[in-house]
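To start, the structure itself, in structure tokens.
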Amino acid sequence: MNDAVDISGASTDTLSMVDSANSVPSEGLSASERAPYGALYIHVPFCHKRCSYCDFATEAVPSTSSRLDTYTDLIVRSIHHASQSGDLSHIQTVYLGGGTPTYLGLRRLTSILYMLSLSMRLEPDVECSMEANPDSLTEPMVKDLWALGVNRISIGVQSFDDEVLQTLGRVHTAQQASDAIACAHTRFKNVSVDLMCGIPGQTTESFRSSVRRAIALGVTHVSVYPLTIEEGTPFDRMQQRGELAAVSDDLQAEQMVCACQELESAGFHRYEVASYARDGYECRHNCAYWTGIPYLGLGPSAVSMQQSDRRRVRLKDGVVVDSLDNRERCAEDLMLGMRMSGGVTDTMVGRAQILLPDVTHALADLQSQGLITHNGSCWCPTDRGWLCGNELYGALYNLAP
Ligand code: SF4
């Protein structure tokens, strides 16, 4: 699960803000006018069981369903078509996410990866990540994925507390999560886990011990997400019936701060609002989303982003879902830059000023609120800025009303 972003990496907040602000052209940019795609996302929309909080584009199907084969065939042909169109020639990162890619099983994953290796340059300098869930990652699968060019595994652990896992409706136990990490380490150096905080019934001590267990198990990357109750999910219905206690913003903030303290004192650095890595293990694919690199999404509901020197557009299932002119794109870049610890450089601000004359005033205002700071030649988010992300990102996005 690629939780902080929508299935292709564009944040849901970003998309909804963008949607309301634009007249949308009917088709994407032509191949001759747009910059090449640098990142490839392949969406696998199947899971063993739906988790109670999930609103991703995925569904629970039996592992024997013929739809898994039909879908694999569709992806294999889509990769072939993208390759024939020249869309894979500049790809530097690949991400198989979902859903639960490992739920496809080894035979189908092998078909997809084999087709990828025939269709693009899938060498060790190309980051190739696969999301996995603890209940469907097996040792033979780990060995074959590694041999087929996957070089990064991201495991949806969420918690090492069985009671919390039960609340979330996850199908695995804490022990299975530990075993999956050990299994991944039989081949992979680059192993990431997702952890969640702000879950009803989860204490800060339970969360802290999950973070510590991930560190002790030797992972190189940790993503930490606060639970959000999304409309239409079982959690949403439970909350409406009064069956699910609300978690206060203060407790969520306390747990995010706890993650930061534990991970930084163990040698991880926070390079993005929700992402911590040991040096050299930052997720290059997610960084591509936050730094405006065009990406191609394959599979139902996967989003692609295209850009030219005139526009940035996002498409889902072949339909343009948002379209930004250069002012809006510039505001979005400032906003996305503030998700990252490196922030926004003075050079970027200087360029932005031509299109967005109020940018300097807005940055000074955010600084006076303690949401950003100026370090040498960059404007960077403060911890408070990350905790109050809506204020920070909204102020920058609104520079291009
Ligand atoms: S494993 Fe759970 S949270 Fe992840 S995509 Fe499937 S249903 Fe959603």
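Does D3 meet the test of being within 12 Å of the ligand (Cβ to nearest atom), of a type in the set (D, E, K, R) and either modelled with pLDDT under 95 or out of contact with any helix residue (DSSP H, G or I) (no Cβ under 8 Å at 6 or more places or on another chain) (or both)?
It is true that D3 is within 12 Å of the ligand (Cβ to nearest atom), of a type in the set (D, E, K, R) and either modelled with pLDDT under 95 or out of contact with any helix residue (DSSP H, G or I) (no Cβ under 8 Å at 6 or more places or on another chain) (or both).
Within 16 Å of the ligand (Cβ to nearest atom) and surrounded by fewer than 20 Cβ atoms within 10 Å (Cβ to Cβ) - does that describe any residue in the range 247-268?
Checking the range 247-268: not a single residue is within 16 Å of the ligand (Cβ to nearest atom) and surrounded by fewer than 20 Cβ atoms within 10 Å (Cβ to Cβ).
If I filter the range 23-80 down to residues being more than 16 Å from the ligand (Cβ to nearest atom) and in contact with a Pro (Cβ under 9 Å, 6 or more places away or on another chain), which single residue comes out as farthest from M196 (Cα to Cα)?
Among residues in the range 23-80 that are more than 16 Å from the ligand (Cβ to nearest atom) and in contact with a Pro (Cβ under 9 Å, 6 or more places away or on another chain), the one farthest from M196 (Cα to Cα) is R34.
Of the residues D346, D333, which single one is of a type in the set (D, E) and under 19 Å from the mean Cα position of the chain (by Cα)?
D333
Only one of (1) farther than 14 Å from G299 by Cα; (2) in a helix (DSSP H, G or I); (3) not basic (K, R) fails for H81. Which number is that?
It is condition (1) that H81 fails.
Looking at L356, is it modelled with pLDDT of 95 or more, over 30 Å from C260 (Cβ atoms) and of a type in the set (A, V, I, L, M, F, W, C)?
Against the criterion (modelled with pLDDT of 95 or more, over 30 Å from C260 (Cβ atoms) and of a type in the set (A, V, I, L, M, F, W, C)), L356 qualifies.
Being closer than 22 Å to K143 by Cβ, crowded, with 19+ Cβ neighbours inside 10 Å and either aliphatic (A, V, I, L, M) or more than 10 Å from the ligand (Cβ to nearest atom) (or both): is that true of L109 here?
Yes; evaluated as a whole, the condition is true for this residue.
Kindly check whether there is at least one residue in the range 93-104 that is part of a loop (DSSP other than H, G, I, E, B), in the same structural domain as C51 (by TED's automatic domain parsing) and either surrounded by fewer than 17 Cβ atoms within 10 Å (Cβ to Cβ) or not hydroxyl-bearing (S, T, Y) (or both).
yes
Please list, ordered by first then second residue, the pairs with beta carbon atoms under 7 Å, 6 or more apart or interchain, first in the range 163-175 and assigned by TED's automatic domain parsing to the domain that holds T203, second of a type in the set (A, V, I, L, M, F, W, C) and within 9 Å of the ligand (Cβ to nearest atom).
Every condition considered, the pairs that remain are L168/C51; G169/C51; R170/C51.
Here's a check for you: in the range 168-192, which residue that is polar (S, T, N, Q) and touching a Lys or Arg at 6+ places or on another chain (Cβ under 9 Å) is nearest to S209 (Cα to Cα)?
Checking each candidate, the answer is S178.
Hey, could you check the range 90-106 for residues that are polar (S, T, N, Q) and either within 16 Å of the ligand (Cβ to nearest atom) or touching a Pro at 6+ places or on another chain (Cβ under 7 Å) (or both) and say which is nearest to M141 (Cα to Cα)?
T102
The values are calculated or read from the model by the stated rules, or taken from the named source; none is laboratory data. Fair warning: this is a prediction, and the values are worked out from it, not measured in the lab. So basically every Cβ, Gly included, is an ideal-geometry build from the backbone, and we count neighbours across all protein chains shown.
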